[in-house]
Amino acid sequence: MNILSPSILSADFWHLGEDIKQVEREQVPYLHVDVMDGIFVPSISFGMPVLQCVRRQTDLFLDVHLMIDRPERYVQSFADSGADLINFHVEATDQVRETIAAIRGLGKKAGITIKPKTPVQVLEPYLELVDMVLVMTVEPGFGGQKLIPECIDKVREVRRMLDERGLQTDLEVDGGIHLGNVQTALEAGANVIVAGSAVFKDDIGANLRAFLKQMDCV
Ligand code: DX5
Ligand code: ZN
């Protein structure tokens, strides 16, 4: 099943609740929550208090993307704050296995993420242990960038690695996805699509409907 996960990084925080209601209205099941610490990535976004606020108001599946150094320090906090899935970067820690186990031990889904320059082979030891693999299609840190075409080959490669192992693991892509290239990402083997700036601009409802149609979700 293909799933759209709209990234609230590109929402208008003045009326974040209204923007999220539009996502619910279109029956999109996921919301992508980008957490940045100013160390692992240059920018700083938001953290636990915002996640808690969102959690109190919505039943959407909260797909939390931690772009933070040593994510193991914050797994408990983000679980307590309402994440349904916690995705962290393998480049950000030397405790990948322990962090996956900690997330799952808290009853949450676990995901691992690679940046565009990280080879897919680093994922190999963990594929059986996670619910999701996220292949970044831009350098993490900012919304509104252009997709790096070579990253689509990595998506294809990860899907092949999962298939070889008979795994149904979700494969998410994140960065620079718009209506014109979402099909390419799906064909490469992604089944969870993050979109920020292509969703939270102009008519959000119309953008969401166009994505869902393009992704065969309706
Ligand atoms: C980038 C974030 C993305 C971002 C995507 O570091 O991880 O989730 O919000 O935004 P767009 O879709 O605008 O590239
Ligand atoms: Zn993200």
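The values are calculated or read from the model by the stated rules, or taken from the named source; none is laboratory data. Here the structure is a predicted model, which is why all the values come from computation and not from measurement. Here the Cβ is made from the backbone with ideal geometry for all residues, glycine too, and neighbour counts use every protein chain on show. To get the accessible areas, we keep the full protein, side chains included, count just its heavy atoms, and leave off ligands, DNA and RNA. Shrake-Rupley method; radii C 1.70, N 1.55, O 1.52, S 1.80 Å.
Among the residues making up the stretch 97-119, those that are assigned to a helix (DSSP H, G or I) and open to solvent by 10 Å² or more (accessible area, probe 1.4 Å) are Arg97, Glu98, Ala101, Ala102, Arg104, Gly105. For Leu9, state whether it is surrounded by 15 or more Cβ atoms within 10 Å (Cβ to Cβ), within 13 Å of ligand 1 (Cβ to nearest atom), part of a helix (DSSP H, G or I) and of a type outside the set (Gly, Ala, Ser). Criteria met by Leu9. Taking the condition of being touching a Leu at 6+ places or on another chain (Cβ under 8 Å), in contact (Cβ under 8 Å) with a residue 60 or more places away in the chain and over 23 Å from Asp131 (Cα atoms), how many residues in the stretch 27-77 meet it? The qualifying residues number 0.
Put simply, of Asp94, Asp69 the only residue that is among the charged types (D, E, K, R), under 21 Å from Ile44 (Cβ atoms) and outside any helix (DSSP H, G or I) is Asp69. Glu18 meets all of the listed conditions (1) of a type in the set (Asp, Glu); (2) under 20 Å from Gly111 (Cβ atoms); (3) surrounded by fewer than 19 Cβ atoms within 10 Å (Cβ to Cβ) but one, namely (2). On the stretch given as the stretch 19-49, residues that are aliphatic (A, V, I, L, M) and over 17 Å from Gly196 (Cα atoms) total 3.
Summed over the stretch 130-151, the residues that are within 22 Å of Val33 (Cβ to Cβ) and away from ligand 1 (no atom under 14 Å from the Cβ) give a count of 3.
Each residue in the stretch 41-70 was checked for being within 16 Å of ligand 1 (Cβ to nearest atom), in contact with an Asp or Glu (Cβ under 9 Å, 6 or more places away or on another chain), open to solvent by 30 Å² or more (accessible area, probe 1.4 Å) and among the aliphatic types (A, V, I, L, M), and 1 of them qualify. For the stretch 199-210, the criterion of being without any contact (Cβ under 8 Å) to a residue 40 or more places away in the chain and within 17 Å of the chain's Cα centre (by Cα) is satisfied by no residue at all.
Is one or more of the residues making up the stretch 30-50 over 30 Å from Arg209 (Cβ atoms), assigned to a helix (DSSP H, G or I) and more than 15 Å from the chain's Cα centre (by Cα)? Yes, some residue in the stretch 30-50 is over 30 Å from Arg209 (Cβ atoms), assigned to a helix (DSSP H, G or I) and more than 15 Å from the chain's Cα centre (by Cα). The residue that is farthest from the chain's Cα centre (by Cα), among those in the stretch 76-91 that are part of a helix (DSSP H, G or I) and small (Gly, Ala, Ser), is Ser77.
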